[in-house]
Amino acid sequence: MSNENSAQNYEQEDLKRELKNRHIQMIAIGGAVGTGLFYGSSWAIRTAGPAILLVYILAAIAINFVMRGVMVGSGVWVRQGFEGGGGLAENVACPE
């Protein structure tokens, strides 16, 4: 029953399900970039061996720390009630 209620809420808000040309282009660009990254990683793994996976993990951790530092420096984490990346997305998409 909750699915029916949520569907009715969406219908009441007059939301439409339609993709515009720019949305389809962005999906295509994302697919091309993702494919290129996938092929690039397979070449790197084949060339360097499994140690490259450790390097990818270490790079991801380093990028995570840098991004957290940027977010703390810009004051994003200071907001009350902020709980991780989902909270940031919610604050940006649906500010109160």
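The values are calculated or read from the model by the stated rules, or taken from the named source; none is laboratory data. These numbers were taken from a predicted model, which means no experiment stands behind them. Side chains included, ligands, DNA and RNA excluded: accessible areas come from the protein's heavy atoms. Shrake-Rupley method; radii C 1.70, N 1.55, O 1.52, S 1.80 Å.
Can you give me the number of residues within region 49-76 that are open to solvent by 90 Å² or more (accessible area, probe 1.4 Å) and either outside any helix (DSSP H, G or I) or of a type in the set (S, T, N, Q) (or both)?
Result for region 49-76: 1.
Inside region 19-48, can you point out the residues that are modelled with pLDDT under 85 and outside any helix (DSSP H, G or I)?
Of everything in region 19-48, just one residue is modelled with pLDDT under 85 and outside any helix (DSSP H, G or I), namely 19.
Basic (Lys, Arg) and modelled with pLDDT of 70 or more, is that true of residue 68? Working first, answer last.
On the way: basic (Lys, Arg): yes; modelled with pLDDT of 70 or more: yes.
Yes, satisfied.
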